[in-house]
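The block underneath contains the structure these notes are about, expressed in structure tokens.
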Amino acid sequence: MPARADAGTPTVAIVYRRPPDDVQHFSQELLHDGAACKITLLVLDPDDPPLPVGDSAVPPGGAILWFMFPGRSYEVGALYDENASFLGYYTNFVQPPSPETAVWHLTDLFLDVWQGPEGPPKLLDESELTEAAERGWVGAEDVARTRAEAAAVLRAARADRWPPGVVSRHPLEAVPSLRFRRDAPGTFFANLVVGRLIAFGIYALGAISITSVVFSAFTNALQPGAGFTAARVAWLGLIGLELVILLGLALAGKLPATQRPRPEEALTERLLFFGTLVSGAAVLLYPDSQLWRGALTGLYATLAVFLSIFAVSRGVFDRRFPFLAVSGLVVSVVALLVLLL
């Protein structure tokens, strides 16, 4: 279970109306405030009563990650118990909400789709919508639209195409990363890109090693003095293709360990800046250029790339001058010039 939000954390007040006159109020942590999707977190206190949702109930200490889609007639809740075990997805049909800065007003349209960990998806509360229509609590247009959308969601759920991808990509364990992205977007995106480049390097090393072993065992591509034989051209071509594919997959976040950065594992401008200073000390301590030139050239080149990413990301997302990143980048570039000239 993710830690509770600290005081001062962005929250939204939810005013939830179920016709004709049932109104409930909730306060939820705002994790992501995007134009296409907004993500909030509701954590029940240990002394709260169980909260019935769909075919389940969230126990005291449990949580719901809510995914709301502005302009769409539904919201999706991912339910978890007090041990962070997944309970199911709950698609709740509502009048298209228009979230404001601090208060969101939602009106329930009765129909729901429940997807538990086991068993087929279920359409819930059909009789309640029928009663609401007969009593005039819900207009005929809303009734027709809700039934059509619920039927479409149910078909998608039965075909394993529901909920939307943004929901499945953000389980409860992603809450720390969502907070990291919300509170420090520049550092978050810098770590995202840097982490994916590091993952690319690791996977590329493995791919090159395996490919080279295979070519070495069955061809003369790696034999000294072999020249540019067909086997060597094929080896280099395959490695180049592997690198292009792996780089694309890494930058798109499709490789393992490239999904999201965690705040406790994050690189920072300060860490990279002091890394450049410590590396520079090696030049002073070991004046024999042959001893440190090879290692430090690679190190400073890597630091320059990482610091460039931090400088751009912090400047774009945080909208302030990234002093440490730029300072470290200058030190790295100067060091590279000294090493290479």
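Can you list the strands (runs of 3 or more DSSP E) found entirely within the stretch 30-105 that contain at least 3 residues being aromatic (Phe, Trp, Tyr) and touching a Gly at 6+ places or on another chain (Cβ under 7 Å)?
In the stretch 30-105, no matching strands (runs of 3 or more DSSP E) lie anywhere.
For the stretch 123-151, which residues satisfy the criterion of being touching a residue at least 40 places away in the same chain (Cβ under 8 Å) and under 25 Å from ASP81 (Cα atoms)?
Within the stretch 123-151, LEU124 is the sole residue that qualifies.
Of the numbered conditions (1) out of contact with any Pro (no Cβ under 7 Å at 6 or more places or on another chain); (2) in a helix (DSSP H, G or I); (3) surrounded by 13 or more Cβ atoms within 10 Å (Cβ to Cβ), LEU123 fails exactly one; give the number of that condition.
LEU123 satisfies all of (1) out of contact with any Pro (no Cβ under 7 Å at 6 or more places or on another chain); (2) in a helix (DSSP H, G or I); (3) surrounded by 13 or more Cβ atoms within 10 Å (Cβ to Cβ) except (2).
If ALA156 passes every condition in (1) modelled with pLDDT under 95; (2) surrounded by fewer than 21 Cβ atoms within 10 Å (Cβ to Cβ) but one, which one does it miss?
It fails just one condition, (1).
Of the numbered conditions (1) surrounded by 13 or more Cβ atoms within 10 Å (Cβ to Cβ); (2) modelled with pLDDT of 90 or more, ALA231 fails exactly one; give the number of that condition.
It fails just one condition, (2).
Report yes if ALA217 is surrounded by fewer than 19 Cβ atoms within 10 Å (Cβ to Cβ), without any contact (Cβ under 8 Å) to a residue 40 or more places away in the chain, assigned to a helix (DSSP H, G or I) and aliphatic (A, V, I, L, M), otherwise no.
So ALA217 passes the test.
When the stretch 123-149 is examined, which residues are found to be touching a helix residue (DSSP H, G or I) at 6+ places or on another chain (Cβ under 8 Å) and not hydrophobic (A, V, I, L, M, F, W, C)?
THR146, ARG147
Can you tell which of ILE64, ILE14 is in contact with a His (Cβ under 8 Å, 6 or more places away or on another chain) and touching a residue at least 12 places away in the same chain (Cβ under 8 Å)? I'd like the intermediate steps shown before the answer.
Details: ILE64 fails: in contact with a His (Cβ under 8 Å, 6 or more places away or on another chain).
Only one candidate qualifies: ILE14.
Write out, first by first residue and then by second, each pair whose Cβ atoms fall under 6 Å of each other, whose residues are 6+ apart or on separate chains, and whose first residue, in the stretch 111-122, is within 18 Å of ARG18 (Cα to Cα) while the second is outside any loop (DSSP other than H, G, I, E, B) and polar (S, T, N, Q).
Short answer, once both residue conditions are applied: LEU111/THR146; ASP112/ASN92; VAL113/THR91.
Condition check: touching a residue at least 12 places away in the same chain (Cβ under 8 Å), in contact with a Gly (Cβ under 7 Å, 6 or more places away or on another chain), assigned to a helix (DSSP H, G or I) and not hydroxyl-bearing (Ser, Thr, Tyr). Does ARG196 satisfy that?
Yes, satisfied.
The values are calculated or read from the model by the stated rules, or taken from the named source; none is laboratory data. No experiment lies behind these values; they were computed from the predicted model shown. So basically every Cβ, Gly included, is an ideal-geometry build from the backbone, and we count neighbours across all protein chains shown.
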